[in-house]
Amino acid sequence: MVEIDDGELIRRSAHDPEQFAALFDRYAKQIHLYAARRLGTQVADDIVAETFLTAFRRRGTYDTSFGLARPWLYGIATTLIARHRRQEGRLLRALSRTGVDPLPEALADTVTRRVTAQRRDRELAGVLASLPRGHRDVLLLVAWEDMSYEEVARALDISVGTVRSRLHRARKKARNVLGDEER
């Protein structure tokens, strides 16, 4: 069975709104994980719901010539996350101070990872908290969501050059703070 591309699903949803549900099925888990990493798991459910509600309402403005709606959805999610920016900043500052990551994981993994990387997590969280929002958004979309520069540019409605410069500056600041030129 051939999978229908996202653009076609969105086009079809104009006459058959239930077609839009396939986008939710394809991307909700990814958007949820991204939002949970940015704001915590409790807020992630709301971000996912708001992202898809906003996308559904705006589906008439989507350029269906783009077969992949992933950058568009991440753009919406990133905008919604920006509304929770103060909360995100507080979360990162708390992680910087305590080293306690609010995203749950298996106990054995937690113990092993925390013992070996707690100091690094705090330092990294401190770097993330200190980055300007635009730089942090670009860095996290590339690092956590494995998005290409072009996808990030579409998601954030900025040029690829801006993506490159923000990512370069964010990485440089992280290297300076963490003292690690290799990573």
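The values are calculated or read from the model by the stated rules, or taken from the named source; none is laboratory data. Small disclaimer: the values here were computed from a predicted structure and weren't measured. Cβ placement follows ideal geometry from the backbone for every residue including glycine, while neighbour counts extend to all protein chains displayed.
For this structure, a couple of remarks:
- The range 38-55: number of residues that are touching a residue at least 60 places away in the same chain (Cβ under 8 Å), surrounded by fewer than 19 Cβ atoms within 10 Å (Cβ to Cβ) and assigned to a helix (DSSP H, G or I): 1
- Check on Val111, touching a Leu at 6+ places or on another chain (Cβ under 6 Å) and either assigned to a helix (DSSP H, G or I) or modelled with pLDDT of 85 or more (or both): no
- The set of residues in the range 136-150 being under 21 Å from Leu124 (Cβ atoms), modelled with pLDDT of 90 or more and part of a helix (DSSP H, G or I) consists of Arg136, Asp137, Val138, Leu139, Leu140, Leu141, Val142.
- Looking only at residues of the range 4-31 that are part of a helix (DSSP H, G or I) and of a type in the set (D, E, K, R), we find that the one that is surrounded by the most Cβ atoms within 10 Å (Cβ to Cβ) is Asp6.
- So Arg90, is it at pLDDT 90 or above, basic (Lys, Arg) and under 18 Å from the mean Cα position of the chain (by Cα): no
- Gly67 falls short on exactly one of the conditions (1) of a type outside the set (Asp, Glu); (2) touching a Gly at 6+ places or on another chain (Cβ under 6 Å); (3) part of a helix (DSSP H, G or I), and that condition is (3).
- For the range 136-150, a residue qualifies if it is buried (at least 21 other Cβ atoms within 10 Å of the Cβ) and not basic (Lys, Arg), and the qualifying residues are Asp137, Val138, Leu139, Leu141, Met147.
So that you can scan it fast, the table gives a plain yes or no per residue for (1) in contact with a Leu (Cβ under 6 Å, 6 or more places away or on another chain); (2) within 30 Å of Leu95 (Cβ to Cβ); (3) in contact (Cβ under 8 Å) with a residue 24 or more places away in the chain:
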residue: Arg12; (1), (2), (3): no, no, no
residue: Glu18; (1), (2), (3): no, no, no
residue: Arg57; (1), (2), (3): no, no, no
residue: Tyr62; (1), (2), (3): no, no, yes
residue: Arg70; (1), (2), (3): no, yes, yes
residue: Ala77; (1), (2), (3): no, yes, yes
residue: Arg83; (1), (2), (3): no, yes, no
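- In the range 151-182, the residues that are in a helix (DSSP H, G or I), within 15 Å of the chain's Cα centre (by Cα) and under 21 Å from Ala69 (Cα atoms): Glu151, Val152, Ala153, Arg154, Ala155, Leu156, Val163
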